[in-house]
There are 2 protein chains.
Amino acid sequence: MKKASNPVSGVPARQNHRVRRLGLHTQHQPVVIMRSDCDVCRSEGLSSRSQVLVSNNGRAVQATLFQVTGDGLLTLDEVGVSETAWQLLGLSEGDEVRVSHPPTVESLASVRRRIYGNRLDGRAFDEIVRDVVAGRYTDVHLAAFLTASAALPLDTDETAHLTGAMINVGERMRWDAPIVVDKHCVGGLPGNRTTPIVVAIVAANGLVMPKTSSRAITSPAGTADTMETLAPVDLDLATLRRVVELEGGCIAWGGAVHLSPADDIFVRVERELDVDTEGQLIASVLSKKIAAGSTHVVIDIPVGATAKVRGEEAANRLAAQLTAVSDRFGLSVTCVQTDGSQPVGRGIGPALEAFDVLAVLQNTSDAPDDLRRRAALLAGAALEIGGKAGKGEGAALAFETLADGRAWAKFKAICQAQGGLRQPPTASQRHPLAADRAGRVVHINNRKIARLAKLAGAPQAKAAGILMNVRLGDEIDRGQPFLHVHSETAGELAYALEFAGRAGDLIEVEA
Amino acid sequence: MKKASNPVSGVPARQNHRVRRLGLHTQHQPVVIMRSDCDVCRSEGLSSRSQVLVSNNGRAVQATLFQVTGDGLLTLDEVGVSETAWQLLGLSEGDEVRVSHPPTVESLASVRRRIYGNRLDGRAFDEIVRDVVAGRYTDVHLAAFLTASAALPLDTDETAHLTGAMINVGERMRWDAPIVVDKHCVGGLPGNRTTPIVVAIVAANGLVMPKTSSRAITSPAGTADTMETLAPVDLDLATLRRVVELEGGCIAWGGAVHLSPADDIFVRVERELDVDTEGQLIASVLSKKIAAGSTHVVIDIPVGATAKVRGEEAANRLAAQLTAVSDRFGLSVTCVQTDGSQPVGRGIGPALEAFDVLAVLQNTSDAPDDLRRRAALLAGAALEIGGKAGKGEGAALAFETLADGRAWAKFKAICQAQGGLRQPPTASQRHPLAADRAGRVVHINNRKIARLAKLAGAPQAKAAGILMNVRLGDEIDRGQPFLHVHSETAGELAYALEFAGRAGDLIEVEA
């Protein structure tokens, strides 16, 4: 057998280029811009949208190259650098970088094998996730990996491998308490914003609950989006630890503490695809819980015809899958199936949901009762797991903690520790949608309502979303508004209303 | 049942922005750059990497928005426009455009359904392909569609739907001849560049062969890449028609005549993914043949352990699938299985393959015999289909046409009509890979050889690629070069040699 001899005789010297900060925002994807007629583009044979390796003082990032012709933007010895690339390389004005071909991304061979239906082992997932976090995957590669994992769903082994791989590339926290509880909702139900209430109740009863939440993937608001209207959530690891040591709990954005940096990247692409699969969902949830040092997790699975989980059977399957994967990491999971037939509370969107949360915590007379009950149910499960209430007595203790003001006091203290309690913003643009006949509300389409809230600007526009005026079983008159669309801008309001005009039934009314 | 009333009260007036041509090259994806603090970004709630609609005088394109902060690049009332967007909108300096939210891309719902394993009908494929060609799909969406079609392979119905959809969005040619022949190779075999020879032979015998070819997808050279080193291939529809009416044949780049504009976009993403699936392959081939007005197609299917099609069974399946789909469009397909065990000819890469083509056409003494025989076999099949030779006598006529110089004369005439015969470029950087033991060559790894040629710069660098010095069965001495790597730049040569050093066996030698 013969081997090709290794004839590398030394890589040729490459010209350095002076960096030019463009102030260009490109999200996670580092971008550099160079003249197509510069020496590096010519000698390296680079074309527009090539992947390149940009290096400076031992640091290196893979970036997408765009080329310009003409001298309007850059001189021949300059390279324009996007903000993401600037930060990752730790550049200063006047620095020089080298631009060259990036090394081959070997893990893409595993992605291709996965597309063609081959299962992957733990090592393959480790290599993929490491390359993803290092910025070596383009949008095309990321979308292919996520699509392949949706088309042939990840099995239990693969889901565990992916979970492990996602933990391995992030930070990991450890706590001094024997029991560290956490909660999670698998989503799909607009307005289901129990987390801030649950953390307040659980921490008020002396348990440790270092809660990190994500921003919305395909929904109008994630817990981090809502909480951000009430207090800072971009806590670094040291701040998060200080808040939890001080108050027993926190409600922080998981992305800021880098507990699962791979997840932040996957989520961005899942949002663009509007696809959210079970394996990715489980790996996303569990990797963050395990990295956060949790020992026990209560998982809320809303079930309903237009919720993410549509029936009891699917909910049982998801619960079994969650338990099977979490078992491998020694994490105890308690799944709670809840009613997913209609939105929870009145508000849908970051600030509108925050007002519901405040109403429940402050015991106001118009606080949405469904939100209060759900939060108490989930907090109760956590209190039982943590030994603060006997079996079946957790919910009662949770209601008590709300009623006597201890939950509200704890919430204010947590917000204070996170940087100060804020007043959520309100929308300048509001528009009612009116019923065109009288009768009883018999169906609410969660998916269309969520879509409407997103088109109105949520979650990027914090004050945007939907305020529901009816619930299932309510009687409504012809011409009476059944919801209000809230937007921060006239453009987004028009965009949402255009959708409402052609979306068909948002709610169904029976005479 | 109730319907939401349509409450659109008029879209708010939007501010126009003055265009600024950036000279920015972004391939097919239109890009615009705006200040994040400009009135449109604020009023429309746009963020970096939002999709936006850019319109000017009734023309509109969907583009990816990047935002900049600071006033180094743009003023608040300017929008920077990439070359692709500039061309699509037909802009001139001083023009103004409107930037707003794009309409919802409804066909993405079909892509999502396909990801989850649902088959799509003809209407869904029509809508998807129409949106793709209109530039409404981001890289994430394109990659998801292609990956879903690979993970659950397109069935016969879907492949036919996709083929039809791709025909519907492009130009379509009609010819006065009762028989219009075409040929295609499904690829996977480095150096298999028979097309220019086949067209010359067939046209020299009076048949009509308006050949359009693609550029490389995952290979080191496509026929268009090779032909471009010999003559212009970017012919518009009128020029192509004139060439064929004059000479009976042409060898043009399909992308330039827009016979299948969707294919050009899919191919770019397939190249980035390095994935090339059967359904996409069939739709890509047949849509272009049908759009070109062909009535009969000869399809070369090279079969070999490291070729694209690895065994006879797979070749038969592909042939059956090609026939089943082409039948629906009244196109007659003749599949010819050929030896795919080693590269064809000596050169691999655009210019190096062109030199082999010239040698065969010019009857030089060192012309590669395998390339000559393959071309004659395929041309013979076309001559039989076209009634120019009796059954089993086509190959003999083809050899005769090469031997008596009529093929070379026809080829020169075609090149002249396309814009003039050129001399292919040669590489400045060449490096031998030497055998590390003596013996007989028993295996050549097509895939690794192709990869090496690509890393050396092919097909973008026309002169780059591999010159093979051995064929299967040859005896080789220790230290004797078995191939030479050709590069246009030192950087690419180093990159290729680095791969060769760690790729393992490119060829196998038995003592």
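The values are calculated or read from the model by the stated rules, or taken from the named source; none is laboratory data. As the structure is a prediction and not an experimental result, all values here were calculated from the model. Cβ sites come from the backbone with ideal geometry, for glycine too, and all protein chains shown count toward neighbours. We work out accessible area using only protein heavy atoms, side chains counted, and drop any ligands, DNA or RNA first. Shrake-Rupley method; radii C 1.70, N 1.55, O 1.52, S 1.80 Å.
Assorted remarks:
- Some residue of segment A:425-437 being among the aliphatic types (A, V, I, L, M), out of contact with any Phe, Trp or Tyr (no Cβ under 8 Å at 6 or more places or on another chain) and at pLDDT 95 or above: yes
- Condition met for A:THR338 (in contact with a Cys (Cβ under 9 Å, 6 or more places away or on another chain), among the β-branched types (Val, Ile, Thr) and not in a loop (DSSP other than H, G, I, E, B)): yes
- Taken over segment A:84-105, the criterion of being out of contact with any helix residue (DSSP H, G or I) (no Cβ under 7 Å at 6 or more places or on another chain), touching a residue at least 12 places away in the same chain (Cβ under 8 Å) and assigned to a loop (DSSP other than H, G, I, E, B) is satisfied by A:GLY90, A:LEU91, A:GLU93, A:GLY94, A:ASP95, A:PRO102, A:PRO103.
- Filter result for B:GLN418 (over 25 Å from B:ALA177 (Cα atoms), under 27 Å from the mean Cα position of the chain (by Cα) and at pLDDT 95 or above): no
- When the residues of segment B:165-189 are filtered to those that are assigned to a helix (DSSP H, G or I) and under 18 Å from B:THR212 (Cβ atoms), the one that is most open to solvent (accessible area, probe 1.4 Å) is B:ASN168.
- Residue within segment B:270-291 that is without any contact (Cβ under 8 Å) to a residue 60 or more places away in the chain and open to solvent by less than 10 Å² (accessible area, probe 1.4 Å) present: no
- Residues in segment A:484-511 that are assigned to a strand (DSSP E or B) and either over 26 Å from A:ASP370 (Cβ atoms) or more than 9 Å from chain B (Cβ to nearest Cβ) (or both): A:HIS484, A:HIS486.
- Only one of the numbered conditions (1) surrounded by fewer than 15 Cβ atoms within 10 Å (Cβ to Cβ); (2) at the interface with chain A (Cβ under 10 Å from one of its Cβ atoms); (3) not in a loop (DSSP other than H, G, I, E, B) is not met by B:GLN67, and that is (1).
- Per-region count, segment A:219-239, residues crowded, with 23+ Cβ neighbours inside 10 Å and in a helix (DSSP H, G or I): 6
- Candidate set from segment A:350-378 (those that are part of a loop (DSSP other than H, G, I, E, B) and of a type in the set (Gly, Ala, Ser)); member that is least open to solvent (accessible area, probe 1.4 Å): A:ALA367
- Scope segment B:418-470; condition on the phi > 0 side of the Ramachandran plot and surrounded by fewer than 23 Cβ atoms within 10 Å (Cβ to Cβ); matching residues: B:GLY419, B:GLY420, B:GLY439
- Checking each residue in segment B:150-164 for being under 19 Å from B:SER332 (Cα atoms) and buried (at least 17 other Cβ atoms within 10 Å of the Cβ) picks out B:THR159, B:ALA160, B:HIS161, B:LEU162, B:THR163, B:GLY164.
- Every pair of residues 6+ apart whose Cβ atoms lie under 6 Å, when the first sits in segment B:497-511 and is more than 15 Å from B:GLN480 (Cβ to Cβ) while the second is surrounded by 16 or more Cβ atoms within 10 Å (Cβ to Cβ) and among the aromatic types (Phe, Trp, Tyr): none
- Hits in segment A:240-266 (condition: crowded, with 22+ Cβ neighbours inside 10 Å and within 14 Å of chain B (Cβ to nearest Cβ)): A:PHE266
- Spans of helices (runs of 4 or more DSSP H) in segment B:386-456 with at least 3 residues without any contact (Cβ under 8 Å) to a residue 40 or more places away in the chain: B:394-403
- Subset of segment A:70-83 that is modelled with pLDDT under 90 and either closer than 17 Å to A:GLY23 by Cα or touching a helix residue (DSSP H, G or I) at 6+ places or on another chain (Cβ under 6 Å) (or both) - its residue that is surrounded by the fewest Cβ atoms within 10 Å (Cβ to Cβ): A:GLY72
- Among the residues of segment B:285-339, those identified as among the hydroxyl-bearing types (Ser, Thr, Tyr) and over 23 Å from B:ASN446 (Cα atoms) are B:SER287, B:SER294, B:THR295, B:THR323, B:SER326, B:SER332, B:THR334.
- All positions within segment A:107-138 that are closer than 21 Å to A:GLY170 by Cα, of a type outside the set (A, V, I, L, M) and either more than 14 Å from chain B (Cβ to nearest Cβ) or open to solvent by 20 Å² or more (accessible area, probe 1.4 Å) (or both): A:ASP121, A:GLY122, A:ARG123, A:PHE125, A:ASP126, A:GLU127, A:ARG130, A:ASP131, A:GLY135, A:ARG136
- Residue, farthest from the other protein chains (Cβ to nearest Cβ), within segment A:28-56, restricted to residues that are open to solvent by 40 Å² or more (accessible area, probe 1.4 Å) and assigned to a helix (DSSP H, G or I): A:ASP39
- One residue stands out in segment A:244-269 among those that are assigned to a helix (DSSP H, G or I), hydrophobic (A, V, I, L, M, F, W, C) and under 21 Å from A:ILE128 (Cα atoms): the one that is modelled with the lowest pLDDT, namely A:VAL267.
- Within segment B:379-409, the set of residues being open to solvent by 40 Å² or more (accessible area, probe 1.4 Å) and either more than 15 Å from B:VAL199 (Cα to Cα) or among the acidic types (Asp, Glu) (or both) comprises B:GLU384, B:GLY387, B:LYS391, B:GLY392, B:GLU393, B:ALA396, B:GLU400, B:ALA403, B:ASP404.
- Selected residue (criterion: nearest to A:HIS101 (Cα to Cα)) from residues of segment B:451-503 that are of a type in the set (S, T, N, Q) and modelled with pLDDT of 90 or more: B:THR489
- Of the residues screened, B:LEU397 is one that is more than 24 Å from the chain's Cα centre (by Cα), aliphatic (A, V, I, L, M), farther than 25 Å from B:LEU472 by Cβ and modelled with pLDDT of 95 or more.
- Taking the criterion of being touching a helix residue (DSSP H, G or I) at 6+ places or on another chain (Cβ under 7 Å) and over 23 Å from B:ALA134 (Cβ atoms), the residues of segment B:36-53 that qualify are B:SER43, B:GLY45.
- When residues in segment B:309-330 are screened for being farther than 16 Å from B:ALA283 by Cβ and in a loop (DSSP other than H, G, I, E, B), 3 of them pass.
- Subset tally (residues that are facing chain B (nearest Cβ under 9 Å) and assigned to a helix (DSSP H, G or I)) for segment A:144-164: 7
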